Structures are given as C-alpha cells and as structure tokens.
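A.B. asks: Have a look at this one before I ask anything.
The values are calculated or read from the model by the stated rules, or taken from the named source; none is laboratory data. Note that this is a predicted model, so its numbers are computed, not measured. We place every Cβ from the backbone using ideal geometry, glycine too, and count neighbours over all the protein chains shown.
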Amino acid sequence: MNKEYDVFSFSGKSINCYGLEVVKKATENRGIVYHEYEKGSCRDVLVSVYWPGQIYDFVRWRYHSDMKTRKILVGGNTPTCNPAPFLGFGANVFLGDGENWDGNIANGEYIIGENNELQKKKSIAETINPIPFADIQSNKRFFCEMSRGCKNKCLFCQYGWLKPYRESDVSDIIAVLKRSDTKSIRMFAADRFQHSKYIKIRKTMDALGKCDTGSDVSLKFVLKNKEYLKFTHKVRVGIEGMSYRLRCLVGKKYTDDDIVNFCVDVVNAGIKCLDFYMIYGLPTENKEDVDQFSLLLKKLDSALPANYVVAIHWNAFTPSAQSPFQWEESAYHYDTEHLNNKILTNRTTNSNIRLMHKPKLTSRKTILQRMLAIRCSEKTKNIIYGVSQKMSLFDKPQSILNAYKDTDGVDLLGKWPDDKDFPWDRHVVYNKSGMQKLKNQNILKHGG
C-alpha cells in the first residue's frame, strides 16, 4: 500500500491532536504518508472529533468547496459513540482505537460507511503505547497517556463504558517523560491514581524535575491511597450527585463523611484548593437532594480552615450515548430556582471557607446544542445542517424541537422510549441490554 492522507482535527486552541498522532505513529510502517490538512489538495482526509458539539464545526468544514471530491474518514470519541450524523454527511467512520486502522478509508473491520447496515465492534488496542507529544497552544506542553478507559463505572459517564480500562506500561511512560523537553507535563487519564504504578511514575517525575499539570482524580482511589496526595499539587474530583442517594444512583457511593474526610486529607497534604465537579438535573433529582448538599457544604465549612477555597464546577445533566443513562431526560426543563436560592446565592453555607461556583448553570441554549449533537440521526441531518450554517437558530428552540420530533418521532430533550432504537444502535455493537438493566435496577433501588 502506498497511500497519502491529510489529517485534520477540531481541537479548540490546539493546532495538533494526540489521537491523530497516535494513529500516525502506529501505522507509519504500513506505507502511509501523512500531511497536515491543506485546502485545495486532492488527498483524502482523516478527521478527529472528540466533543459532540464539534459536529457543527465539522459540517461547516465538510461543505468547503475544496472538500467536494475528497473522501473523509472520521474517528474519535464522538463518532465512535454515534456515527449517524457523520454518515449523513458522506463521511465514513472508524470505531474505537485508531492504532488498528489498516489504511483503507472506505471499508474495513471497524469502518462504518453511509450505506452499511451491519453493526460493527469497536477497535480495542491490546496495548497502550504512549508517544512523546507536545500540545502547541500559546505555550508548548507535553502530554503523556497513562491509561484509557476507567475502572469507575459511573452510569452517566461514557468513558467507563466506551472502552475497557488499559494502562500504559510504566517503562513506556518513563521513556516519554525522559524525552519531554518541558518542565510541565499533562499526565492524562480518567483518574491518574488508578494506575497500578502511580508511585513509581511520580517518583520518576520528581527525579527528572517534572511538574504534573493534571488534576483529575477520584475520591474512591484517594481514600484507598491517601499517600498519593503527597505527590499532588491540585485536585479535581467528581462528586456529581448532591445527595448520598443521588451518588448511589449514579454509581458513586460516597457518604457525606467520606467527602468531608477526603477534603480534610487534601488540606492536610498541603494542597491549596479543591475543585468539585457537580451535575444538576440528574434522573429523579428533587429539592431534598439540594437540601442535602447544603448540609454537606455546612459540614465542610466547619471542617476546613478559614478562607480555604472550594471551587464547584456545575454542569447540567445530558444523557450520553452508549452509557446506562442514555435513555434519561436532559436537564433542559430543570427548575433551578431552589438550587440557586439554597446553594448558588446563599452565603450562610460558607461563612468560613471560600466557596466559588465556576461556572454556575449551563444555559438552555447550550443544553439544546449538546442534545441535538448527541441524539442526531441520519434522518435529522437537515436540522444539523441548518443550525450549523446559522447557529442563531438555537435562539428559537421550539422550531428545532418541533422539527426533530416531526422527523424522528421523539422528544429530543426528554426520555427516550424503551422500544425505540437509538441512532447509533444500527451501527455499533455495545452492551445495550446490560446497560438498560443496570439503569433500571439503580433507579428502582435509589430513585427516591
């Protein structure tokens, strides 16, 4: 094979993409030549898309005049979860880890084409081989991939369900660390503390004078490995549910005492501030759950030092494709008044600590954009095309909601009918029945 491809990604402020670099590195011995994307070229294009909302950028890019005769193969998290919208715009989709790509753009074991009716399995790389990678934004910084997937199976989260958990070999990680030429390195993983050789990795970083700019950890693994906090400068942890009941519902069985003890351990480790990820509008959530979170904040206010900073990052619930909560209703219609009065603007919960909310609430416009991207099908491609060309159409939500229901027969924002296929069901093999069973069991047990 002697094939040439352009490569392109929608990577925010970055001008390069780790996922595409991994694919290039893994397939360079297969006679493939890669070029940075060039307008006017006649070469076919490999495209990486991570976030669902990037479908609108993709559609606008897809209809550039120079793309009319060029074939596209899309990969990444979002097309693996839901190939449908990309297929609707004439692209082929690679499912899963790109290391196993054989160099063909139109057909293959893990490739879905526009007229392909067969479900296909996701490609799963047997081993994770981290590569030296510098993310180029305003400043250069190195990345090092520690693992893929997640051992925590939170019901709302795609990452623990889309692919199995796999670790990079510690010797490969150390080799990448030694080859990096920046002091700061982003050690990325769903939870760095899950890696079985975390202590060895951290000691190597310290010996090399490297600073880890990663911050995401899970409370579960901190409570099991408190000594890891000695190697940590910043902590972001997903609490997600406002009450113990909600946390049990989503698979994070943290009691209030667990959270308070964790926060005290973080303070005692000399870490200057804490960041919580929180979700509002989870299935079955009610005012009593908000009241329970208010009580938790008061406990933290009593347990932590004066002026200690706790930053809460709020996000509205949206049901992710190929996760157990994919059938659930979005938080679009969630009444935020009680949350706002009880938590966001109520200073009696934090007279001692410095409680910050950043950001506070997700706009309904943003929720609508996310939901249309997540639940888009081949049938609704005209809606996606229209809003991609004129994003101000999201300011008139009812017209979009009506068009989606007229086309696909369901409420875009509401619960998905149990007897109706999702847009991705006809393309991707995944454990749908097992997810539905788990979701129903948890809601029956913890639904209030």
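A.B. asks: Identify all residues within the stretch 203-226 that are within 22 Å of N152 (Cα to Cα) and assigned to a helix (DSSP H, G or I); write none if there are none.
C.D. replies: Listed by number, the residues that qualify are L219, K220, F221, V222, L223, K224, K226.
A.B. asks: Taking Y334 as the residue in question, decide whether it is assigned to a loop (DSSP other than H, G, I, E, B), out of contact with any Pro (no Cβ under 8 Å at 6 or more places or on another chain), over 28 Å from N82 (Cβ atoms) and not hydrophobic (A, V, I, L, M, F, W, C). Full working, then the answer.
C.D. replies: On the way: assigned to a loop (DSSP other than H, G, I, E, B): yes; out of contact with any Pro (no Cβ under 8 Å at 6 or more places or on another chain): yes; over 28 Å from N82 (Cβ atoms): no; not hydrophobic (A, V, I, L, M, F, W, C): yes.
No.
A.B. asks: For the structure I just gave you, tell me whether Y277 is modelled with pLDDT of 95 or more, assigned to a strand (DSSP E or B), over 30 Å from K121 (Cα atoms) and not basic (K, R). Don't jump to the end; show me each part of the working.
C.D. replies: Details: modelled with pLDDT of 95 or more: yes; assigned to a strand (DSSP E or B): yes; over 30 Å from K121 (Cα atoms): yes; not basic (K, R): yes.
So Y277 passes the test.
A.B. asks: Report whether or not V250 is within 26 Å of F325 (Cβ to Cβ), buried (at least 20 other Cβ atoms within 10 Å of the Cβ) and modelled with pLDDT under 95. Spell out how you get there, then give the answer.
C.D. replies: Values: within 26 Å of F325 (Cβ to Cβ): yes; buried (at least 20 other Cβ atoms within 10 Å of the Cβ): yes; modelled with pLDDT under 95: no.
Criteria not met by V250.
A.B. asks: Something else about it: Give the residues of the stretch 350-383 that are more than 30 Å from I55 (Cβ to Cβ) and surrounded by 20 or more Cβ atoms within 10 Å (Cβ to Cβ), sorted by residue number.
C.D. replies: I353, L355
A.B. asks: If you go through the stretch 212-221 one residue at a time, do you hit one that is modelled with pLDDT of 90 or more, in the same structural domain as N431 (by TED's automatic domain parsing) and not β-branched (V, I, T)? Give the steps one after another, and end with the answer.
C.D. replies: At the first step, the residues of the stretch 212-221 found to be modelled with pLDDT of 90 or more are 219.
Narrowing further to those that are in the same structural domain as N431 (by TED's automatic domain parsing): 219.
Of the ones still in play, those that are also not β-branched (V, I, T) are 219.
Looking through the stretch 212-221, at least one residue is modelled with pLDDT of 90 or more, in the same structural domain as N431 (by TED's automatic domain parsing) and not β-branched (V, I, T).
A.B. asks: Identify the single condition in (1) closer than 24 Å to M146 by Cβ; (2) free of Cβ contacts under 8 Å to residues at least 24 places away in the same chain that R247 does not satisfy, given that it satisfies every other one.
C.D. replies: (1)
A.B. asks: May I ask you to list pairs of residues, at least six apart or on different chains, whose Cβ atoms are under 8 Å apart, with the first in the stretch 338-356 being among the basic types (K, R) and the second being in a loop (DSSP other than H, G, I, E, B)?
C.D. replies: Partner pairs satisfying both residue conditions: R354/N307; R354/Y308.
A.B. asks: Right, here's the next one. Since Q194 meets every condition but one in (1) under 27 Å from L295 (Cα atoms); (2) in contact with a Ser or Thr (Cβ under 7 Å, 6 or more places away or on another chain), which condition does it not meet?
C.D. replies: Condition not satisfied by Q194: (1).
A.B. asks: Still on this structure, please answer the following. Which pairs have Cβ atoms under 8 Å, sit 6 or more apart or on different chains, and link a residue in the stretch 26-38 that is in the same structural domain as V7 (by TED's automatic domain parsing) and free of Cβ contacts under 8 Å to residues at least 60 places away in the same chain to one that is assigned to a loop (DSSP other than H, G, I, E, B) and among the hydroxyl-bearing types (S, T, Y)?
C.D. replies: H35/S41
A.B. asks: Checking the structure you have, find out if any residue of the stretch 233-242 is in contact with a Leu (Cβ under 7 Å, 6 or more places away or on another chain), over 25 Å from R354 (Cα atoms) and in the same structural domain as Q436 (by TED's automatic domain parsing).
C.D. replies: To start, the set of residues in the stretch 233-242 that are in contact with a Leu (Cβ under 7 Å, 6 or more places away or on another chain) comprises 235, 237, 241.
Adding the requirement that they be over 25 Å from R354 (Cα atoms) leaves none.
No, the stretch 233-242 has no match at all.
A.B. asks: Here is a check on your reading of the model: is D291 surrounded by fewer than 19 Cβ atoms within 10 Å (Cβ to Cβ), under 27 Å from P397 (Cβ atoms) and among the acidic types (D, E)?
C.D. replies: Details: surrounded by fewer than 19 Cβ atoms within 10 Å (Cβ to Cβ): yes; under 27 Å from P397 (Cβ atoms): no; among the acidic types (D, E): yes.
Spelling it out, it is not the case that D291 is surrounded by fewer than 19 Cβ atoms within 10 Å (Cβ to Cβ), under 27 Å from P397 (Cβ atoms) and among the acidic types (D, E).
A.B. asks: Here's another thing I want to ask about it. What's the total number of residues in the stretch 280-326 that are among the β-branched types (V, I, T) and out of contact with any strand residue (DSSP E or B) (no Cβ under 6 Å at 6 or more places or on another chain)? So that I can check it myself, show each step before the final result.
C.D. replies: Start the filter on the stretch 280-326 by keeping residues that are among the β-branched types (V, I, T), which leaves 284, 290, 309-310, 312, 318.
Next, only the ones that are out of contact with any strand residue (DSSP E or B) (no Cβ under 6 Å at 6 or more places or on another chain) stay: 284, 290, 318.
Number of matching residues: 3.
A.B. asks: Additional query: How about the stretch 343-448: which helices (runs of 4 or more DSSP H) wholly inside it have at least 2 residues that are outside the structural domain of A84 (by TED's automatic domain parsing) and within 30 Å of D275 (Cα to Cα)? Lay out the reasoning, then the answer.
C.D. replies: Values: elements: 364-374, 381-389, 397-408, 432-446.
Where helices (runs of 4 or more DSSP H) fall fully within the stretch 343-448 and carry at least 2 residues being outside the structural domain of A84 (by TED's automatic domain parsing) and within 30 Å of D275 (Cα to Cα), they are 364-374, 432-446.
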